[in-house]
Amino acid sequence: MQSAGISTVDAKKISPFTYRAIDDAYLVANDFGNWAFLTTDDFKAYVEGDLDSDSPAFNVLRSKNFLIDELDEKAATRRVELRYQALKFGPRVHILALNRDAVSADDSDDEGLPAAQMSKEVVERALDLAFMSTSPELSFSFRGDSPLSNWDILTYAVEYAKNRNDIALKKLRFSLDTEADLLDDEKVAWLAEQGILVRLFFDENSFEAGSDQARWAKSLAEAMNASEAEGGAVVALVACSPGLMGKAKLVVDTCVELGIRCVDLMTHDIRNINDASDGYTGCSVDDYRRFYQEAFGQMFEAGISEWTAMGYLRRIFAAEECDDFELSSPAIDGVGQFSYDVDGNVYTSDAGRVVFEQRDDPIFMIGHVTRTGYQDLVYHPTVRALVLATTLEVQPGWINSTYKHYAGKAPVLSYLEHGSLQGRMTDSVSTQLQFAILDTLFEHLHGADDEQLSRLRTFAGLA
């Protein structure tokens, strides 16, 4: 606060808040998740208790519950309730790894894991567990090393879930994370007809003319647009490797040409987790920050959404959670999601499954579909530990962060980076990358006019 010339703090007038310098202003956020921008003079006057009650800044702060004497308890309570709405229900996201490639072991005495595909029995038991969840919505995500290679099981799982829902009457969503190499016209037509969100992996080679990813992404996008089924769309999962840095325009222009309306600019890919790698794509935080700033600006102008930004903006604007957004506080691992492997083991997340398969570490395994009951899964000691370890409001470093109500923690990343579920916020790569994205978003929010704010809300799916 010394940089703003503040000499005293009037604790009787101001609600607890955190602040962060953005451009030439101060971003302030309170414990209800409300935020506002203040000039240096207004920031100083607010903290010292001298802000003119007739000023625009005073009215903004009053409307957002920054003033103790003007506190709207009902509005404040409602916003906090919205932020933790998902915790009222059981796991909503259920990830089925439909196949597994063979995993060799470093130890000659260890046989490793054989290649395998998920069976109908495991699918049925996994989906039966999923429908025990108290969540009114269920999202089924089909993943694995090559999920399309187990096509018959994928189609069976969708059919089985829909049949179960004739009685359960929940809102269902389906998604598929895959490469494009096993796609064909028949699969494309079925995916569009079923309204399945297809998330295609892209790397720097995918943006070359004539690549399989580009060709099938365009075919999928056209089929989804022509289908009357709800939920179908194409998301580009772009691995932001060093080779893509400086090529934001190429990425955005290619997605526009292909008809892709949503892109996930990933810095971490769980498929790359092994004994020698934590799964990061290899770009530095500074390079990614510059790349993201450029890409986000171009996406905003082109009307393309960025997956991570959508999740953050929904919290920033409305304290709402975005579908299948995994970074939250507390983490959704074991609380909002389960992952099931080909053998029927249950994990708190899909990254936790990969940690077991690639590193033979069962820390995130919490049961089995045929041997563990639903109650035993949701009340598992590991799940309880993850909730405590990932609630940012009580974590060192995060407790004083302006972004603690918008950011989130992935405990698997903390475990891979630092060997603990909590991690160390100050030297965490994943935290620095989150800050790079959130800084970019608030830079766009700072000084945005009503039309730009409306477009950002549309960008977040709130219009």
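Tabulated data
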{"read-out": "Number of positions in segment 161-171 that are surrounded by fewer than 17 Cβ atoms within 10 Å (Cβ to Cβ) and either touching a helix residue (DSSP H, G or I) at 6+ places or on another chain (Cβ under 6 Å) or under 25 Å from S146 (Cα atoms) (or both)", "value": "1"}
{"read-out": "Criterion: assigned by TED's automatic domain parsing to the domain that holds R199 and out of contact with any strand residue (DSSP E or B) (no Cβ under 9 Å at 6 or more places or on another chain) - qualifying residue of V346, V342, V285", "value": "V285"}
{"read-out": "Lone qualifier among A226, A236 - being over 19 Å from the mean Cα position of the chain (by Cα) and of a type in the set (G, A, S)", "value": "A226"}
{"read-out": "Residues satisfying the stated conditions in segment 415-435, i.e. within 16 Å of E306 (Cα to Cα) and crowded, with 20+ Cβ neighbours inside 10 Å", "value": "L433, Q434"}
{"read-out": "The listed residue being part of a loop (DSSP other than H, G, I, E, B), among the small types (G, A, S) and within 30 Å of P147 (Cα to Cα), out of G282, G367", "value": "G282"}
{"read-out": "Filter pass, L220 being crowded, with 22+ Cβ neighbours inside 10 Å, in contact with a Cys (Cβ under 6 Å, 6 or more places away or on another chain) and not hydroxyl-bearing (S, T, Y)", "value": "no"}
{"read-out": "Residues located in segment 378-405, provided they are surrounded by fewer than 18 Cβ atoms within 10 Å (Cβ to Cβ) and either assigned to a loop (DSSP other than H, G, I, E, B) or of a type in the set (G, A, S) (or both)", "value": "Y379, A385, T391, P396, G397"}
{"read-out": "Qualifying position, being crowded, with 23+ Cβ neighbours inside 10 Å and part of a loop (DSSP other than H, G, I, E, B), among V335, V342", "value": "V342"}
{"read-out": "Residue among Q358, Q375 that alone is among the polar types (S, T, N, Q) and farther than 18 Å from H94 by Cβ", "value": "Q358"}
{"read-out": "Hits in segment 162-207 (condition: closer than 21 Å to N99 by Cα, charged (D, E, K, R) and more than 22 Å from the chain's Cα centre (by Cα))", "value": "D181, D184, E186, K187"}
{"read-out": "Flag for V251 being surrounded by 15 or more Cβ atoms within 10 Å (Cβ to Cβ), among the β-branched types (V, I, T) and more than 30 Å from D128 (Cα to Cα)", "value": "yes"}
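Quick grid of which residues meet (1) closer than 20 Å to G352 by Cβ; (2) touching a strand residue (DSSP E or B) at 6+ places or on another chain (Cβ under 7 Å):
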residue	(1), (2)
T134	no, no
R143	yes, yes
L154	no, yes
Y160	no, no
K170	no, yes
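The values are calculated or read from the model by the stated rules, or taken from the named source; none is laboratory data. Every value quoted in this text rests on a predicted model; they were computed, and no experiment measured them. Note that each Cβ is placed from the backbone with ideal geometry, even for glycine, and that neighbours are counted across all protein chains shown.
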